[in-house]
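Report on the structure given below.
The values are calculated or read from the model by the stated rules, or taken from the named source; none is laboratory data. This is a predicted model, so every value here is computed, not measured. Cβ placement follows ideal geometry from the backbone for every residue including glycine, while neighbour counts extend to all protein chains displayed. Quick note on the areas: whole protein, heavy atoms, side chains included, nothing else; ligands and nucleic acids left out. Shrake-Rupley method; radii C 1.70, N 1.55, O 1.52, S 1.80 Å.
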Amino acid sequence: MSKDHSLEDRIISVLKSIYDPEIPVDIYELGLIYDIQVFREKEVKIVMTLTTPNCPVAESLPIEVKKKIESLKEINNVDVVLTFDPPWSREFMSEEARLELGLL
């Protein structure tokens, strides 16, 4: 169990290296990642959203997430599921992200 947990920590670390192009905050702190599931078969499922459905990176951001997580040697496959249910809102942002954007 702890092995999967450390892998999840590394996945989160990768997600924190990916930034929304319009907001100077990483996608994890921004609250765009809804769920991370790690399976024994070295597979990961990421459920994520975008700040808006017509976000300019709607095509490229999920691909970037998939490629960067697949770069971890323990991962063979990443399934990125894009959802807008529930729609993203500022409440999903971490306190750190709100502070960074002057929203606290």
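Looking at region 45-104, the chymotrypsin sites (Phe, Trp or Tyr not before Pro) that sit in a DSSP loop and have at most 14 other Cβ atoms within 10 Å of their own Cβ are 84. Evaluated over region 6-89, the count of Lys pairs having alpha-carbon atoms less than 15 Å apart is 10 (only pairs 8 or more residues apart or interchain).
Measuring nothing but protein heavy atoms, the accessible surface of the chain at 1.4 Å probe radius is 51 percent carbon and sulfur. Its residue count N sets the reference 2.2 N^0.38 Å, and the alpha-carbon radius of gyration of the chain equals 1.06 times that reference. For the chain, take the longest principal axis of its alpha carbons; what is the angle in degrees between that and the long axis of helix 2-15, to the nearest 10 within 0 to 90? Once rounded, one gets 40 degrees.
Most simply put, region 6-89 has about 55% antiparallel DSSP beta bridges, counting only bridges with both residues inside it. Solvent exposure of region 6-89, expressed per residue, is 54 Å² of accessible area, with all protein chains present and a 1.4 angstrom probe.
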